[in-house]
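A short worksheet on the structure shown next.
The values are calculated or read from the model by the stated rules, or taken from the named source; none is laboratory data. Just so it is clear, the structure is predicted and the values come from calculations on it, not from any experiment. Here the Cβ positions follow ideal geometry from the backbone for every residue, glycine too, while neighbour counts run over all protein chains shown.
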Amino acid sequence: MANTKTLTTGDHIPDFSLQDQNGQLFNIRDYIGKKKLVIYFYPKDESGICTKEACSFRDSYADFTDAGAIVIGINAGSVESHRSFKEHHRLPFTLLSDPGNKVLKQFGIKNVLFLTGRETFLIGLDGKVAASFRGFLKGDAHAEKMLDMLQANV
């Protein structure tokens, strides 16, 4: 069931399980209530803006960890593509493969031209959206905005 509206502050996130970059099943239920979650959706591994975005999350990863959050990147790329992207850029966080963009659609993320959208969500311990940021051409701003919101205890 595709969501017709983008999730906003106060909405519960959908329950989902996807394969990570190692082919292991990642179930979001295992993390809700234990850590705050920064879930970012991005169009494509190794594209310019997406690489900037991933490296920005990488470079501030310790700050996210210190704030009690884990970072998760999601797109429709294959497990192999994610593994290669993660290794190439030394990304310390989980990348999930979302074939057919099922989870992206559950979050209600809209396409931009012919590409999937770029949107980041901060999820509180209660499993609800605490904040979100959409900036298609501002890949490197996503980590900065989420960190500001996390440190402000949004």
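Any idea how many residues of segment 3-50 are of a type in the set (Val, Ile, Thr), at pLDDT 95 or above and either within 21 Å of residue 86 (Cα to Cα) or assigned to a strand (DSSP E or B) (or both)?
Summing the residues that are of a type in the set (Val, Ile, Thr), at pLDDT 95 or above and either within 21 Å of residue 86 (Cα to Cα) or assigned to a strand (DSSP E or B) (or both) in segment 3-50 gives 3.
Among 102, 138, 145, which is part of a loop (DSSP other than H, G, I, E, B) and surrounded by fewer than 20 Cβ atoms within 10 Å (Cβ to Cβ)?
Testing whether each residue is part of a loop (DSSP other than H, G, I, E, B) and surrounded by fewer than 20 Cβ atoms within 10 Å (Cβ to Cβ) leaves just 138.
Identify, please: which residue in segment 70-96 is in contact (Cβ under 8 Å) with a residue 24 or more places away in the chain and over 19 Å from residue 118 (Cβ atoms) and is, among those, surrounded by the fewest Cβ atoms within 10 Å (Cβ to Cβ)?
90
Looking at residue 64, is it touching a Leu at 6+ places or on another chain (Cβ under 8 Å), closer than 19 Å to residue 133 by Cβ, among the aromatic types (Phe, Trp, Tyr) and surrounded by 18 or more Cβ atoms within 10 Å (Cβ to Cβ)? Break it down stepwise before answering.
On the way: touching a Leu at 6+ places or on another chain (Cβ under 8 Å): yes; closer than 19 Å to residue 133 by Cβ: yes; among the aromatic types (Phe, Trp, Tyr): yes; surrounded by 18 or more Cβ atoms within 10 Å (Cβ to Cβ): yes.
When the stated conditions are applied, residue 64 passes them.
Hey, among 117, 108, 73, which residue is modelled with pLDDT of 95 or more and under 17 Å from residue 131 (Cα atoms)?
Residue meeting the stated conditions: 73.
Exactly one of these conditions fails for residue 55: (1) within 15 Å of residue 139 (Cα to Cα); (2) surrounded by 17 or more Cβ atoms within 10 Å (Cβ to Cβ); (3) modelled with pLDDT of 95 or more. Give me its number.
The single condition residue 55 does not satisfy is (2).
Of the numbered conditions (1) assigned to a loop (DSSP other than H, G, I, E, B); (2) under 19 Å from residue 77 (Cα atoms); (3) over 13 Å from the mean Cα position of the chain (by Cα), residue 117 satisfies every one except a single condition; which is it?
The single condition residue 117 does not satisfy is (3).
Yes or no: segment 79-86 includes at least one residue that is in contact with a strand residue (DSSP E or B) (Cβ under 6 Å, 6 or more places away or on another chain), over 19 Å from residue 37 (Cβ atoms) and at pLDDT 95 or above.
Yes.
I'd like to verify a number: residues in segment 30-52 that are more than 25 Å from residue 141 (Cβ to Cβ) and out of contact with any Gly (no Cβ under 9 Å at 6 or more places or on another chain), how many?
Final tally of qualifying residues: 2.
Please list, ordered by first then second residue, the pairs with beta carbon atoms under 8 Å, 6 or more apart or interchain, first in segment 1-26 and over 17 Å from residue 101 (Cα atoms), second modelled with pLDDT under 95 and acidic (Asp, Glu).
Hits for this filter: zero, empty list.
Quick one: residue 51 ticks every box in (1) under 20 Å from residue 117 (Cα atoms); (2) within 12 Å of the chain's Cα centre (by Cα); (3) β-branched (Val, Ile, Thr) except a single one, so which number is it?
Tallying (1) under 20 Å from residue 117 (Cα atoms); (2) within 12 Å of the chain's Cα centre (by Cα); (3) β-branched (Val, Ile, Thr), residue 51 fails exactly one: (2).
Test residue 55 against the stated conditions and say whether it is in contact (Cβ under 8 Å) with a residue 24 or more places away in the chain and in contact with a Pro (Cβ under 7 Å, 6 or more places away or on another chain).
Spelling it out, it is not the case that residue 55 is in contact (Cβ under 8 Å) with a residue 24 or more places away in the chain and in contact with a Pro (Cβ under 7 Å, 6 or more places away or on another chain).
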